Amino acid sequence: MDTVSAFVTLFVVVDPIGLGPIFLALTQRYPLPARSAIALEACVIAFAILAGAALFGQWLLSSLGISIAAFRIAGGLLLFALAFEMVFDRRQSRKEESPEEEPPHPGAFPLAIPLLAGPGAITASVLLGGNAEGGLPALGLLLAVIAAVLLLAYLVFRLTPLMEKLLGRRGQVVFGRLLGVILAALAVQYIADGFSALRG
């Protein structure tokens, strides 16, 4: 396994830099300590998912009869539901109607999955794990590559308060709605890719 190639592949697929604004939009109502905890939780969960995909992905998917195409469609539907709430600010409406309830925690969903550990990242991990020649040392290097990419994502998430100061309150509202539209388009792309793979 080419370590540099594996890193570039996962870095491009996970896109930790591009997820920074999305993290800000999803966590803007949380205090800074909670954001740090959410960022850490999301990256740890994503590492567990991608590491598991690299080690056991091919065996598990074939055993359950689940295709990556079906996973793409499911992830796209879930992501679209979240994007709809971001665009129309349904989460804030629910919060105002039930102030005593804790807001939904975005660490596991949608940050860890399907944003960090999405269908593309899981597919890449499965393929890289299957192509890892050299046994345990090669798999260990692959796990280190996954950890490095997610560490970069964590650092990007921790730097989002600087972006928040630059945008201001009004800018955050506009930016959050815009990102909701972008997430909706990403979700539709996931679904379209899944159906294309099923037909192909």
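The values are calculated or read from the model by the stated rules, or taken from the named source; none is laboratory data. Keep in mind that what you see is a predicted model, and the values were worked out from it rather than measured. Neighbour counts are summed over all protein chains in view; Cβ atoms, including those assigned to glycine, are modelled from backbone coordinates with ideal geometry. All accessible areas refer to the heavy atoms of the entire protein, side chains included, with ligands and DNA or RNA removed. Shrake-Rupley method; radii C 1.70, N 1.55, O 1.52, S 1.80 Å.
Structure notes:
- FRET E, pair Leu136, Ala37, Förster distance 41 Å, beta-carbon r, rounded to 0.05: 0.80
- Once the chain from Ala48 to Ser5 is taken as fully extended at 0.36 nm per residue, the excess over their C-alpha distance is 13.4 nm.
- Among Phe47, Phe23, Phe56: highest mean-square fluctuation, GNM of the chain, C-alpha pairs under 10 Å: Phe56
- Answer label, with Rg/Rh (Cα atoms, Kirkwood Rh) calculated from the coordinates and candidates [x] 0.99; [y] 1.03; [z] 0.96: [x]
- As a length-normalised measure over Cα pairs under 8 Å and 6 or more apart, the relative contact order of the chain settles at 49 percent.
- Taking a ≥ b ≥ c as the square roots of the eigenvalues of the Cα gyration tensor, region 27-77 is oblate, since a/c reaches 1.5 or more and a/b is not larger than b/c.
- Within region 13-51, backbone nitrogen closer than 12 Å to the virtual label 7 Å beyond the Cα of Arg158 toward Cβ: 36-37, 39-40
- The residues of region 1-76 expose, per residue, 47 Å² of accessible area to a 1.4 Å probe.
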